[in-house]
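Below is one structure, written out as C-alpha cells; comments come after it.
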Protein chains: 2
Amino acid sequence: MNFRIVLFILSRLLAIESLIISISGLVSLFYGDIDFLYFFYSSGIALAVSILVFPFVKNTKRSLGKREGYLVVSLTWVVFSIFGALPFYISGAIPSYTDAFFETMSGFTTTGASILNDIESLSHGLLFWRSITQWLGGMGIIVMAIAILPILGIGGMQLFIAEVPGPTPDKLHPRIKGTAKRLWGIYIILTLMETLLLMLGNMDWFDALNHSFTTMATGGYSTKQMSVAYYNSPYIEYIISLFMFLAGMNFTLAFFALKLKWKKIFRNEEFKWYAIGTLLFTLIIVFFLVIQTGLGIEPAFRQSLFQVVSILTTTGYATADYMLWPSFVVVIIFMLMFIGGSAGSTGGGPKVLRIMLLLKNSYFEFKRLIHPKAIIPVRFNKRAVDPKIIANIQAFLVVYIILFVIGTISMSAIGLDLDSSMGAVIACLGNIGPGIADVGPANNFYNIPDVGKWILSFAMLVGRLELFTVLVLFTPHYWKK
Amino acid sequence: MNFRIVLFILSRLLAIESLIISISGLVSLFYGDIDFLYFFYSSGIALAVSILVFPFVKNTKRSLGKREGYLVVSLTWVVFSIFGALPFYISGAIPSYTDAFFETMSGFTTTGASILNDIESLSHGLLFWRSITQWLGGMGIIVMAIAILPILGIGGMQLFIAEVPGPTPDKLHPRIKGTAKRLWGIYIILTLMETLLLMLGNMDWFDALNHSFTTMATGGYSTKQMSVAYYNSPYIEYIISLFMFLAGMNFTLAFFALKLKWKKIFRNEEFKWYAIGTLLFTLIIVFFLVIQTGLGIEPAFRQSLFQVVSILTTTGYATADYMLWPSFVVVIIFMLMFIGGSAGSTGGGPKVLRIMLLLKNSYFEFKRLIHPKAIIPVRFNKRAVDPKIIANIQAFLVVYIILFVIGTISMSAIGLDLDSSMGAVIACLGNIGPGIADVGPANNFYNIPDVGKWILSFAMLVGRLELFTVLVLFTPHYWKK
C-alpha cells in the first residue's frame, strides 16, 4: 500500500476545496452578509492542513494501484465532508458539528437529506456553499463512475468500458483526464442552460444557479424550506423535471447527443427502460391521483412526473407531500426508491442498469430451468453479458439489501418506527434525500439522535461509492499483502 | 406433455383427500356434532370427480418427466384446496367460497393465515380437518423438498442430493418411495411425541393432536382464537417451541439422529446457523423486552424464544401480540419473516441455507474484488458449491423480492397501508400466517377484499412450492415443444 500517494492526492484535493470555500465567502461578501469571515477561517484551516501534509508526500512515486484507488475515493468524500462542515459549524448556522457533518456529507454524496428547519435564514454564502457541495459531488461521481469504478471492477460497472470512449481496464490512464474533462464540459453546459431557463421563469439568478447546481447533481438541496413547491410555478416544475431526467441519464450518452447520433441514444437499452419506466410510473400515479383525490389531470400529471423523476433520479426535490397521497402511491414511491438513476449518471441507488439485468436474468432463469444444458446469456445492447458480471451485480444487490436491513434495524434500535427506519435508511443509502413517514418530504432529519446521524452519514457514503469501494476497506483481504 | 399422467396422479391423490375428509366426518360424528353429513357430501363430490376422471387416464404410460413434474406438484395444491374448501363452505361455517378457499390453501401450504373470527365456534370435525390440511401439506412438502425439487433443479435444492440417502438426479426413482416413507415415519413419530407431551401439560387429547399436526407442519393453525396464548402455560409454550424448532430443521438430519450420529448434525452448517441464529435473535429481543417493557427475564425469554422460533420456522403461532412490543423488536421480527426454516423442513420462506450461502458469497465477493483472477468458491459443509447453484440461489432471491414488491403494490392498490401490505404479502409468500400491522397476530385476514384473498392465496402457493415450480407454468418456454 502506497499511503503517500493517497495523502498526496488528498492534500491536493483539499487545496481545491479550500479554494471553493473561499469563493463561497466571496458570494457572502458580495451580498454584504456578515459571515464572510467564517468562510476564510474555514478555507484557511483546510489550506493549512493541505500545506502541512504536502512536504511529507511531495516526493512520492506517482503510481496508483487498485488498492490505493479504493482508499483515495473513500477518503476524498470523508475528508471533504470533515472540512466542508466547517463554514456551517464555525459560523454557528449549524451549532452541532454532527449536524454540520451530516449536512455536508449529504451534500457531497448528492443525497439532499437535511437537518435544517429554516433554510431561508442561511446567508447567501452558506446557501451557495451548500449547493456547490452537491455540484462538486456530482462532478466527482461522474469521473468515478465512468473512469474509476470500471477499473476497480465493481458490480457491473465494467459494462461501461465497451461504451465509453475512455480508458482500458488496466491502470489509471491519462485518457481518463480527457474523458472526464469532456463529461464535465457537458455537465457545466447543462447547468448553465438550466440556470438560464429557470431565470426565464422569473426565478432570480441566485436561486436559479443554486437549483441548477443541485438538479444536475441529482442532489436536491433547495434554497427554500418548501423546496421547489415554494415557486408555485408549473413552468419551473417542468423545467426542473426535464433537467432531473437529463441528470439521471448516462452522461456518456451525451457524447452521442453532441454528435447528433440520436439513434444511439434511443437504442440504448438502459435509456429505454429508464424513459419507459419514468413514463409508466408517472401515468399509474396520475391515474390514482385523479381517481382518488380529484386532482385535475394537468396538475396530477405535473406533480406525479416531478415526484417520479425526483425519486427515480434520487434528486429528492418536493413539490407535494407525497405522504398525504393515497397509500398505493406512497408504496409505489417507496419502491421507486430502490431503483435509482442510470449508471454513469449523478443519480444514486442500485441503478436502472443493474435492476434491468437482474430482471432479465431472472426471466431467463425459467428458460434455464426447462433447458438446463443450454447456455442462455443475458444480453445488454444486444451483446451477451459475461455471467461473472451478472454474479457481481447479484452480489451487489445482496449487499445492498444487507445494508438496508442492518440500517433499518439500527434506526429502530435508537427509537424510530418501522416506516421511518426504512425510509431514513433508503433515503440515505440511495442518496435520495427525503424518505417516508417521519423523514418524509414535509419533515427532515433534525430529530434523529446523533448516533443515527453518523450511521446515516456512513450509509450515504457507502451508497454513493457503490458499496464495495468503501466496504472493502473493512475486510481483512484488503489489508493482507 | 403427457397430460394423462398428470390427471392420473391428480385423480388418485383426490381419492386420498376424499378419504381424509371422510375421516374428519367421523371425528364430527364421534363428538356428536350435527355437521358430519357435510363431510360425507364433500368427500362424495371429491370421490365422484376422481372416479369420473379415472377411465380417461387409466391406460397411460407411467413415465413422468420434469415438465409434468412442475404441473403435477402445482396442481396438487390447487386441486386439494378447491375440494378441501368444501367442508367449510357446504357446512356454512365459512359462508364465502373465497374465504373457504383462502383458509384451505392457507392450510395445505402450511401458512396458517386465517379469516376466522371465532375459531372455537367450529365443530370438532372442521377443526380437525383444518389442522389436518396443514399436516398433509407438511407431508407433501417433505417429499417435494427432498425427492422432487432437487430433480426439477430449483434454486439450490440440488445441494440436498449429496446429503440424502435418496434419489439420483435423473428420473423420479423408486428409491424416493423409500426415502419418503422413512421421513414420514419420523414426521409421524414426532407428531405423536408432541401430542403426548402436550397432554402431560393438561391439554386435552383433541387440542394436543391438532396442535401437534400444525406444529410439525410449521402451519400454525390453532383450535383457539387466541392461539397458544389461550393455555397460559409455560410448559406448553416450551414444548411447542421445541417441536417448532425440530419441525424447522432439515428432516434428513433426523436420519442421523436415529442412528445416534449427533456429530453429523452439529457439524451441519445450515443447522449451526439455524440454531445460533435462533438463540441470537431470542437473546437480542429478551434484552430489549426486559429493558424497555420491564418484563421479567423468564417470561421475556419464553415469549421471545416462542416468537422467534414461531416466525423463523414460519409456523405463526402467537403467545403475545408482538405489534405491542417496542418498535425495534417489531422490526427484528419483520426481518426474520424473510428468512424461513431450514431447507428440507416443513418451514417456508427462502430458507436458512439460501440466506447463508448468499451471505457467504457476498463476503467472498470482497475477496474476489481484491484478487480478481483467483477462483474463490463458496463452501457448504466444507465442499465447494458449484457457482451455477449460487447463481440459481441469487436468481431465487431476486424473484422472491420481485414477488414481494408486486404483491405489496397489489395489496396497497386495493386499499391496505404500506405496513399491512408488506405484512400480508410476506406472511403469505413466506407461509408464516400472521404478518404485521392490520394482519398482525391480534388480527386476521378477514377484512381483506376478495381480490386480495385470491392474490394472497396465489402468493401462498408460489411461496410454498419454491416459486419456480409454479411460475414456470406461466412462461412461454414451458409450453414450447
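The numbers here are math on the coordinates, done by the rules we state, and not lab data. Please read all numbers here as calculations on a predicted model, not as lab measurements. Because the Cβ atoms are built from the backbone with ideal geometry, glycine has one as well, and the counts that use them run over all protein chains shown.
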>> Please report, for A:MET226, the nm distances (one decimal) from its label point, 7 Å out from Cα along the beta-carbon direction, to the equivalent points in the remaining copies, shortest first.
In response: 5.4
> Which whole number in µm²/s is D for chain A by Stokes-Einstein, with the Kirkwood Rh taken over Cα pairs at 20 °C and 1.002 mPa s?
Replying inline: 94
>> With the crude spin-label approximation of a point 7 Å out along Cα→Cβ, what separation in nm comes out for A:ASN202 versus B:LEU19?
In response: 8.3
> Quick one: what do you get for the protein assembly as shown if you divide its Cα Rg by 2.2 N^0.38 Å?
Replying inline: 1.00
>> Through the Karplus equation 6.51 cos²θ - 1.76 cosθ + 1.60, θ set to phi - 60°, convert the phi angles of region B:229-242 into ³J(HN,Hα) values in whole Hz; use x for Gly and Pro.
In response: 4, 3, 7, 6, 10, x, 4, 4, 5, 5, 4, 5, 4, 4
>> Would any residue of region B:211-253 have its amide N under 14 Å from a label point 7 Å out along Cα→Cβ of B:THR293? List them or say none.
In response: B:229
>> Run the reach check for A:LYS264 against lysines, Cα to Cα strictly under 17 Å, same-chain hits fewer than 8 apart removed. What comes back?
In response: A:LYS272, A:LYS382
>> Give the average over all directions of the projected area of the C-alpha convex hull of region A:427-481, one decimal, in nm².
In response: 4.3
> What's the FRET efficiency of B:ILE45 with A:ALA384 using the Cβ-Cβ distance as r and R₀ = 56 Å, to the nearest 0.05?
Replying inline: 0.55
> By Cβ position, which chain B residue lies least far from the axis that rotates chain B onto chain A, and what is the distance to the nearest whole angstrom?
Replying inline: B:GLN394, 2
> Using θ = phi - 60° and the Karplus curve 6.51 cos²θ - 1.76 cosθ + 1.60, what whole-Hz ³J(HN,Hα) does each residue of region A:347-359 get, with Gly and Pro shown as x?
Replying inline: x, x, x, x, 5, 4, 3, 5, 4, 4, 5, 5, 5
> In whole Å, what is the distance between the alpha-carbon centres of region A:226-261 and region A:272-319?
Replying inline: 15
> Along the principal axes of its C-alpha atoms, what lengths does region B:1-118 span, in descending order and rounded to whole Å?
Replying inline: 46, 27, 20
> Amide H to amide H, which residues 5 or more places from B:ARG379 or on other chains are under 5 Å from it, using H placed in the peptide plane?
Replying inline: B:VAL385
> What Kirkwood hydrodynamic radius, in Å, does region A:338-432 give when the mean of 1/r is taken over all pairs of distinct Cα atoms and then inverted?
Replying inline: 15.0
> Does region A:192-250 come out rounded, prolate or oblate by the C-alpha gyration tensor, with a ≥ b ≥ c the root eigenvalues, rounded set by a/c under 1.5 and, if not, prolate when a/b is larger than b/c and oblate if not?
Replying inline: rounded
> For region B:1-73, which trypsin sites (Lys or Arg not before Pro) are both in a DSSP coil and crowded by at most 12 other Cβ atoms within 10 Å?
Replying inline: B:LYS58, B:LYS61, B:ARG62
>> Within 10 Å of each candidate Cβ there may be at most 14 other Cβ atoms; applying that plus a DSSP loop requirement, which chymotrypsin sites (Phe, Trp or Tyr not before Pro) in region B:372-481 survive?
In response: B:TYR446
> With θ set to phi - 60° and the Karplus curve 6.51 cos²θ - 1.76 cosθ + 1.60, what are the ³J(HN,Hα) couplings of region A:395-402 in order, to the nearest whole Hz, using x for Gly and Pro?
Replying inline: 5, 4, 4, 4, 5, 4, 5, 4
> Quick one: Cα centre-to-centre distance for region B:404-481 and region A:3-27, in angstrom?
Replying inline: 53
> What does region A:167-289 give for Rg and for Dmax, in Å, if only its C-alpha atoms count?
Replying inline: 16.8, 52
>> Loop-only trypsin sites (Lys or Arg not before Pro) in region B:366-472, please: DSSP not H, G, I, E or B, and at most 13 other Cβ atoms within 10 Å.
In response: B:LYS373, B:LYS382
> Which distances in nm, rounded to one decimal and ordered from shortest, link the label point of A:GLY92 to the equivalent label points in the other identical copies, with labels set 7 Å from Cα toward Cβ?
Replying inline: 8.0
> Within a Cβ distance under 12 Å of A:SER241, other residues only, what is the Lys/Arg minus Asp/Glu net charge?
Replying inline: -1
> To the nearest 0.05, what FRET efficiency results for B:ARG12 and A:TRP454 with a Förster distance of 51 Å applied to their C-beta separation?
Replying inline: 0.20
>> Under a crude label model (7 Å from the Cα following the beta-carbon direction), how far is B:LEU324 from A:TYR97 in nanometres?
In response: 4.6
> From the label point of A:PHE474, set 7 Å from Cα along Cα→Cβ, how far away are the matching label points in the other copies, in nm, ordered shortest to longest?
Replying inline: 3.7
